[in-house]
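K.L.:
Sharing a structure with you now.
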Amino acid sequence: MMSLTPSRGCLLDLPWEDILVPHILCHLPLQQLLSLQRVSKSFQSLIQLYLANMRCFDSSQIRPAIPRAAFVNLLKDNEVLQQLALQNCSDWLTDRELLPVIGQNHHLHQIQLKGCAQLSRHALVAISLSCPNLRRLSLAHCEWVDSLSLRSLADHCKALEAVDLTACRQLKDEAICYLAQKCGRLKSLSLAVNANVGDVAVEEIAKCCPELEHLDLTGCLRVKNDSIRVLAEYCPKLRSLKVKHCHNVAESSLSVLRSRGVELDVEPPLQRALVLLQDVVGFAPFINLQI
């Protein structure tokens, strides 16, 4: 007599490549997936298949910080990455670990290398040659970025929409101008904490990048009112501008942007004066800060 009791299935009985990898495992945190490898040899094989086919790798998902050997092992078979975030690897990441990953992943469109100070200009050249569809790149606090490697990036990655060059202090106006001329689709750019950046670079950005929405010039001491006026004229889509600690930028150039609703990180002079007065005299209910 045939039993009517339904047979109990196993997760591993589902098709791995058609169901488990693209529709189930992708919703689990990477930390948990790595732990699953210890359940059995079958689960280990499944997770290895997932790692070879995952589209996004973010080192911050692994706690504590991922070791060098584990990073190399996790990505050694992957050739389909689209997003790569390695800011949590800054203590040990060098060209030796990064270049093989970049060289075998030509579909990357987003790379985060914030604070990875032990890399060299060869890393940026490798990115530019291997990732023609790159759209977002963070190189914040990577002081190894120089004009030659940035020119390589500009020559080969013309689809760039967002670049973070915060504290890349080797870069001067000439290199930034070249980037703007070659990458006219830029929507977001940070040049913060670089005293070498001045009006020449900002004006070229304004004229070459009409889609620009966000610009960070924090601490760019050579930027003056003239380039801010050009920015206001040529960038109608600008939504935010950071000019804190730009001591040569005054309200006379910012007022046009302020009137358009552009988000600025400095208060109007009157507002600043009232806040300072309140700090000096203490609580003053007669002062209306909503002027």
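K.L.:
Test each condition in (1) under 14 Å from Glu263 (Cβ atoms); (2) out of contact with any Cys (no Cβ under 6 Å at 6 or more places or on another chain); (3) buried (at least 18 other Cβ atoms within 10 Å of the Cβ); (4) not polar (S, T, N, Q) for Val249 and report the one that comes out false.
P.N.:
Val249 satisfies every listed condition except (1).
K.L.:
Are any residues in region 94-118 open to solvent by 10 Å² or more (accessible area, probe 1.4 Å), part of a loop (DSSP other than H, G, I, E, B) and more than 20 Å from Leu186 (Cα to Cα), and if so, which ones?
P.N.:
Thr94, Gln104, His106, Gly115, Ala117, Gln118
K.L.:
Let me ask something else. Can you spot a residue in region 151-159 that is part of a helix (DSSP H, G or I) and within 22 Å of Cys235 (Cα to Cα)?
P.N.:
Scanning region 151-159, I find at least one residue that is part of a helix (DSSP H, G or I) and within 22 Å of Cys235 (Cα to Cα), so the answer is yes.
K.L.:
Then there's this: The conditions are (1) outside any loop (DSSP other than H, G, I, E, B); (2) surrounded by fewer than 19 Cβ atoms within 10 Å (Cβ to Cβ); (3) not polar (S, T, N, Q), and Ala201 fails exactly one of them. Which is it?
P.N.:
(2)
K.L.:
Ok, one more. Of the conditions (1) within 23 Å of the chain's Cα centre (by Cα); (2) farther than 28 Å from Lys158 by Cβ, Gln83 satisfies every one except a single condition; which number is it?
P.N.:
(2)
K.L.:
For Tyr234, are the conditions met, namely being in contact (Cβ under 8 Å) with a residue 12 or more places away in the chain, within 27 Å of Ala117 (Cβ to Cβ), out of contact with any Asp or Glu (no Cβ under 7 Å at 6 or more places or on another chain) and buried (at least 16 other Cβ atoms within 10 Å of the Cβ)?
P.N.:
So Tyr234 fails the test.
K.L.:
Taking Lys207, is it within 17 Å of the chain's Cα centre (by Cα), surrounded by fewer than 18 Cβ atoms within 10 Å (Cβ to Cβ) and either at pLDDT 95 or above or not β-branched (Val, Ile, Thr) (or both)?
P.N.:
In short, no.
K.L.:
Okay, moving on. Going by the structure shown, is Lys244 assigned to a loop (DSSP other than H, G, I, E, B) and touching a Leu at 6+ places or on another chain (Cβ under 8 Å)?
P.N.:
No.
K.L.:
Return the total of residues in region 30-50 being outside any helix (DSSP H, G or I) and open to solvent by 60 Å² or more (accessible area, probe 1.4 Å).
P.N.:
2
K.L.:
Test Gln48 against the criterion of being closer than 22 Å to Cys131 by Cα and modelled with pLDDT of 90 or more, and give yes or no.
P.N.:
Against the criterion (closer than 22 Å to Cys131 by Cα and modelled with pLDDT of 90 or more), Gln48 does not qualify.
K.L.:
Please work out which residue is nearest to Ser90 (Cα to Cα), limiting yourself to region 51-79 and to residues that are in a loop (DSSP other than H, G, I, E, B), at pLDDT 90 or above and open to solvent by 40 Å² or more (accessible area, probe 1.4 Å).
P.N.:
The qualifying residue nearest to Ser90 (Cα to Cα) is Lys76.
K.L.:
Can you say whether Arg229 is basic (Lys, Arg), outside any helix (DSSP H, G or I) and without any contact (Cβ under 8 Å) to a residue 60 or more places away in the chain, as far as the supplied structure shows?
P.N.:
no
K.L.:
Asn88 - would you say it is assigned to a helix (DSSP H, G or I), within 22 Å of Trp144 (Cα to Cα), open to solvent by 10 Å² or more (accessible area, probe 1.4 Å) and not β-branched (Val, Ile, Thr)?
P.N.:
Yes.
The values are calculated or read from the model by the stated rules, or taken from the named source; none is laboratory data. Keep in mind that what you see is a predicted model, and the values were worked out from it rather than measured. Here Cβ is always computed from backbone atoms with ideal geometry, including for glycine, and neighbour counts include all displayed protein chains. Note: accessible area is taken over every heavy atom of the protein model, side chains too, but ligands, DNA and RNA are not part of it. Shrake-Rupley method; radii C 1.70, N 1.55, O 1.52, S 1.80 Å.
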